[in-house]
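Here the structure comes first, spelled out in structure tokens, and everything after it is commentary.
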Amino acid sequence: MVDIYERLSGFCPAPPPYREIISVLTAVTEETQKTDGECVVSAPWVTVVKYENNILMDFMSAASAMQSWNFFESIMLLQRGGEMLALWEEIVQAREARKLSFASSLLRGVSGSAEPHLYLWFQRLKASLISKFSLFFYQTLAQQTTPTEMKSLCARLSLDQAARLSAFQKRADAQSISVLFDATGLASYNGRPGYHHLEKVQPQMSGLDLFPVVFSTPNQPSHHFPNLVMILTDQNTDLATDKTVHFYDGGVGSTYFLHLIEPRFYVVIIFDGRRSERDSTINTFIQETALQLRCSKTFAALKPGYK
């Protein structure tokens, strides 16, 4: 497990290869299952390790599902991971677990803090993923409640990304800030996320339909879609290198800033008129947004001495 955490911390600022991590966790699960019933003394410790592995597996799987814009799988995995985390805490707090000096010191840290350091990190990871989930599926969630209630619920998150993007749009006087999804070549994509009847035949997507808007404030820049898709296609190589692409279109009098958040997701900021590609305020905001949605600081917190 230590090797897995080291790998996760080493991918910053790039998004982790979640599927590779899941494969390793699957192997760990298979190994721990082999120890069932072998030793009564180590049984409580093995139980704790299983909880730890399953929680990380669910959270990594949820992050992977979000990359495919899969609403149902994402929410179910986040829910199960959260429930498992609560059960894992009960195991650690139990009298039997406290008697295991090695496991106890490993999970709580040498300082003997009230909460295990790893448990606190899992809570931080959960909060980061829920914040990301709230933005990636904002429109789907908003259809299930009122605008006022939606804002109230998002305001309780550790980081309200929707409010953060809206605030910057007003502060920077941007025409719009959007997050786009590129469904090109994604066989599992069958339209906007949500609940779909398994027997309902979904129409085949093509053209602009393969680049749906995930989130946009204050409105969707529909008349800019052809330009945006063209830029995403033409500048794909630069975007893949974590570079912010700047483009001014004199024909429509607008400036575009585009950045790849993680595979298939892009943040797009559009301004009326010409804006400098070296504008530090805009570039810093875009970089921070990408890092936050990649959960980079959360993974970096796994490094020894991180503050």
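The values are calculated or read from the model by the stated rules, or taken from the named source; none is laboratory data. It should be emphasised that the depicted structure is a prediction, and the values quoted were computed from it without experimental measurement. Every residue, glycine among them, receives a Cβ derived from its backbone with ideal geometry; neighbour counts consider all protein chains shown. Surface areas here come from the heavy atoms of the whole protein model, side chains and all, with no ligands, DNA or RNA. Shrake-Rupley method; radii C 1.70, N 1.55, O 1.52, S 1.80 Å.
Odds and ends about this structure:
- Here's the picture: a label point sits 7 Å out from the Cα of A86 along the beta-carbon direction, and within region 158-183 the residues with their amide nitrogen under 20 Å of it are 158.
- Carbon/sulfur fraction of accessible area - region 170-307, other protein chains in place, 1.4 Å, %: 50 percent
- Solvent-accessible area per residue for region 229-307 (1.4 angstrom probe, square angstrom): 49 Å²
- Other-chain or far-sequence residues with amide H under 5 Å of S176's (modelled H): I270
- Among the chymotrypsin sites (Phe, Trp or Tyr not before Pro) within region 261-307, those in coil by DSSP and having at most 13 neighbouring Cβ atoms inside 10 Å are Y306.
- Filter on K170/K243; K132/K243; K126/K151; K243/K303; K50/K151; K34/K132 - keep pairs with C-alpha separation over 30 Å: K50/K151; K34/K132
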